[in-house]
Every structure is written in C-alpha cells, then in structure tokens.
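Here the structure is laid out as structure tokens; the discussion comes afterwards.
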Amino acid sequence: MISAVNIQINPTHYKPTVIMPDNNRNHCIFNQQKVDMFIKQGENSLPYLNEVLKYSMNEEQVTEALYILNRMSDSGVKGIDKMYPTLARFNNTTSPNIQTFLAGVYRKIQVPDAFGPLVKMLIQNSIKQTSQTSFDANEEIGGAILSYLSDRFRKN
C-alpha cells in the first residue's frame, strides 16, 4: 500500500494497481484503499498526482490517476481544475480508458478550455469508429459535453 510519505517523495515511483478492462469485463477495477488514501489526503495529494500525470506515458498510471481525481472531485476536493494544463496533455489520446476518465474529470471541473477538446475527441472517435473495446468512451465524452451545455452544471 502506498503511504502519505510516498506521495511527497517521488511520483516517478508511482505503481498503478488498476486492473484494466478485458474481453470479459468492460470496466476497470481499482484499489479502493489506495483511492481512499488519496481522497483523505485531499488537496495535499494534488501536486503528486499532477507530477504523475505530467510525466507518465503508462496507460494504467494515467487511467488510475484520472479515476482518483474523479473520485476526489466527488468528495469535494478543491483545486482539481487548476490541473487543466497537465490534463490537457491527454486531449489527443486515442485510449478509450484515458478518454473516459478524462471526460469524467472534465465533466466535474467544468474548465471552459476543455469543451473544444471534448468535442474534437467525440468527432474523431465517431469518424474512426473502432470497435476494439467492450465499452464506448463516447458515452462519457458526450455526457461531459452535455454537462457543459446544461444550466444545471454551471458555476455561479
């Protein structure tokens, strides 16, 4: 298990514990103890996650970090929107896993700059129409776009 001490030491040693989707399961399985530890750390863990996302090229690491950010947002952790410059690094990804969790984060943080990349992602996915995955990232991407357009999600 990762400890709070590890968060402050070296994000390059971050080891994902996610089990990615496969032919028999269309969703990821995450280590909830690890996720809860990050949520408990709150804003203090954002610099660490930012560093992981800034430098990682590993789909599992990125997917897990985005999931953690998504759950942190659900828990009311503030400051995730400030990570948009790092998150934008993944705006052109073709990974359905990363697209799904990135769209989920964008849906919650409502950074205006993320709207265009979400639309671009949806259009590119629609043109490509790959059926190699057992789930459709466009569902989350489309939902994120709708949340940008809905008055329900607008910040006052």
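Bear in mind that the values in this text are calculations on the coordinates, not laboratory data. These figures come from a predicted structure and were not determined experimentally. Note: ideal-geometry Cβ built from the backbone for every residue, glycine included; neighbour counts use all protein chains shown.
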Exercise for review: Calculate, axis by axis, the spread of Cα positions in region 4-153 along the three principal axes, and write the results as whole Å, longest axis first.
Suggested key: 45, 38, 24
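Using the count of nearby Cβ atoms within 10 Å as a rough guide to exposure, how do 90, 135 rank from fewest to most?
On the way: 90 19, 135 14.
Final ranking by Cβ density, sparse to dense: 135, 90.
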Review point. Using Cα pairs under 8 angstrom and six or more residues apart, how large is the relative contact order of region 4-153, in percent?
Key: 22 percent
Point to revise | About the Cα centre, charge dipole magnitude for region 4-153 (Lys/Arg +1, Asp/Glu -1 at Cβ), debye | key: 180 debye
Exercise for review: Can you check what the net charge comes to around residue 97, using other residues whose Cβ is under 9 Å from the Cβ of residue 97 (Lys, Arg +1; Asp, Glu -1)?
Suggested key: -2
**Study point:** Under the Karplus curve 6.51 cos²θ - 1.76 cosθ + 1.60, θ = phi - 60°, whole-Hz ³J(HN,Hα) for region 89-100, x wherever Gly or Pro sits
**Key:** 4, 9, 4, 9, 5, 9, 6, x, 5, 5, 4, 4
